[in-house]
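See structure below.
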Amino acid sequence: MDSTEISPRAAEIATCARSLLAVRGYNGFSYADISAAVHISKASIHHHFPSKAELVRTVLQRHREQGREGLAALEKQVTDPLARLRAYTGYWEGCIRDASSPFCIFAMLGSELAAIPDEVAVEVRGHFSDLAAWLTATLKEGAEKGVFRLRTTPQAEAEALMAAVHGGMLAARVHGDPEAFATVVQQGVRQLVPDRRH
């Protein structure tokens, strides 16, 4: 099944699964949960997605595609690397604050990597590779322009920043406080910026 060409009903199922993944992870929901949420029989869900692994893989493929498009648009629209980085973290800050997407589903599934099917794990790893490449390019550009002062390689700094973003999500969830995300992530960004740019 192509990741973008799915029926409206299948898209509704995928949207519901995406919400459940963000809250419960891969092993925390079943087709019965989706059936109750979207008022469709489990047999109908199986018609669209014969297996849970196929459903989640489709959700992740669609989500990755949207993510890549969003990052590419951000790169075109925001020329300053620091402003671009803040727009990226600001996106998550807004999602956590309004509870529209309180946790990255890839981070959630990353913590379950040993217990999820291989075809799902491939998409999870692919997302982190996509994001690391984008952050690395942004940090490298910023370092070349004197916007960022990197302590190590752009790749290593990108990994550290990803860890801060996902750690911030966890802190917000643990403390039940959206502001915990901003506190953690702003500190991560601040470490990259010379004093004059704070």
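Tell me, what is the percent relative contact order of the stretch 152-198, built from C-alpha pairs under 8 Å that lie six or more residues apart? Walk me through the numbers on the way to the answer.
Values: 28 pairs, mean separation 14.8, N = 47.
That works out to 31 percent.
Compute the relative contact order of the stretch 63-197 as a whole-number percentage, counting only Cα pairs closer than 8 Å that sit 6 or more residues apart in sequence. Provide the component values of the computation, followed by the final result.
Values: 112 pairs, mean separation 33.9, N = 135.
This gives 25 percent for the stretch 63-197.
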From the coordinates shown, Rg/Rh (Cα atoms, Kirkwood Rh) corresponds to which of [x] 0.96; [y] 1.07; [z] 1.01: [z]
Helix 118-144 versus the longest principal axis of the chain: what angle, 0 to 90°, nearest 10, using Cα atoms? 20 degrees
Suppose R0 equals 22 Å. What FRET efficiency, 1/(1 + (r/R0)^6) with r the Cβ-Cβ distance, do LYS76 and ALA132 give to the nearest 0.05? 0.65
Only helices counted: for the chain, with every DSSP H run of 4 or more residues adding -39500 (n - 2.57) and the sum spread over all residues, [θ] at 222 nm is -23500 deg cm²/dmol
How far is helix 179-190 tilted off the main Cα axis of the chain, in degrees rounded to 10, range 0 to 90? 40 degrees
At R0 = 41 Å the Cβ-Cβ FRET efficiency linking ARG149 and ASP118, nearest 0.05, sits at 0.55
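Need the full-extension length gain, ALA11 to GLU179, defined as separation in residues times 0.36 nm minus the C-alpha distance. One decimal, nm. Numbers along the way, then the final one.
Working: separation 168, 0.36 × 168 = 60.48 nm, distance 3.21 nm.
The ALA11-GLU179 span can extend by a further 57.3 nm.
Since every read-out is calculated from the coordinates, none of them should be taken as a lab result. Values in this document were obtained by computation on a predicted structure and should not be read as measured data. Cβ sites come from the backbone with ideal geometry, for glycine too, and all protein chains shown count toward neighbours.
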